[in-house]
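See below for the structure under consideration.
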């Protein structure tokens, strides 16, 4: 690997560690030419499906957008950042597991709602109200009723 400081062609790995729940390898490197140290991360590169928006346009899947929308819904709620990261990882895993080259934005929204439903009811309703474009209070009541029916069916929410 090339040194980012002096552009020397060859660097030495000083230390390697598994990081981010085993999703990456963190490597500390040293340049023999300038003696500076830097960190690199090695991750598996998988091809996520393209997102097909409602207007038919296509865009790359962006993990940060999913995380940001979930964080917005979870604002001021008692849910740990690790729980959000795990939820986003589950969404990515489902998309990769589907083997599809494209995913409709509606499907992606439903996956986000399913994860929020398990994390926090208030965040779920917040997200659903924007995602489904609620027009009146009765739509809120319908979603809450749907949640209550599924909760009484014995599917307890995940631990935060």
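The values are calculated or read from the model by the stated rules, or taken from the named source; none is laboratory data. No experiment lies behind these values; they were computed from the predicted model shown. Positions of Cβ are backbone-derived with ideal geometry, glycine not excepted, and every protein chain shown enters the neighbour counts.
Quick one: residue 29 ticks every box in (1) in contact with a strand residue (DSSP E or B) (Cβ under 9 Å, 6 or more places away or on another chain); (2) surrounded by 11 or more Cβ atoms within 10 Å (Cβ to Cβ); (3) in the same structural domain as residue 128 (by TED's automatic domain parsing) except a single one, so which number is it?
(3)
So which residues in segment 17-51 are more than 16 Å from residue 4 (Cα to Cα), in contact with a helix residue (DSSP H, G or I) (Cβ under 9 Å, 6 or more places away or on another chain) and in a strand (DSSP E or B), if there are any at all?
Listed by number, the residues that qualify are 26, 43, 51.
With the condition kept exactly as written, say whether any residue in segment 91-103 is assigned to a strand (DSSP E or B) and in the same structural domain as residue 130 (by TED's automatic domain parsing).
yes
Which residue, of 76, 54, is over 30 Å from residue 10 (Cα atoms), touching a residue at least 24 places away in the same chain (Cβ under 8 Å) and assigned to a loop (DSSP other than H, G, I, E, B)?
54
Of all residues in segment 39-56, which are surrounded by 10 or more Cβ atoms within 10 Å (Cβ to Cβ) and farther than 26 Å from residue 16 by Cα?
48, 49, 50, 51, 52, 53
Has segment 145-155 got any residue that is closer than 29 Å to residue 55 by Cα, modelled with pLDDT under 90 and surrounded by 14 or more Cβ atoms within 10 Å (Cβ to Cβ)?
no
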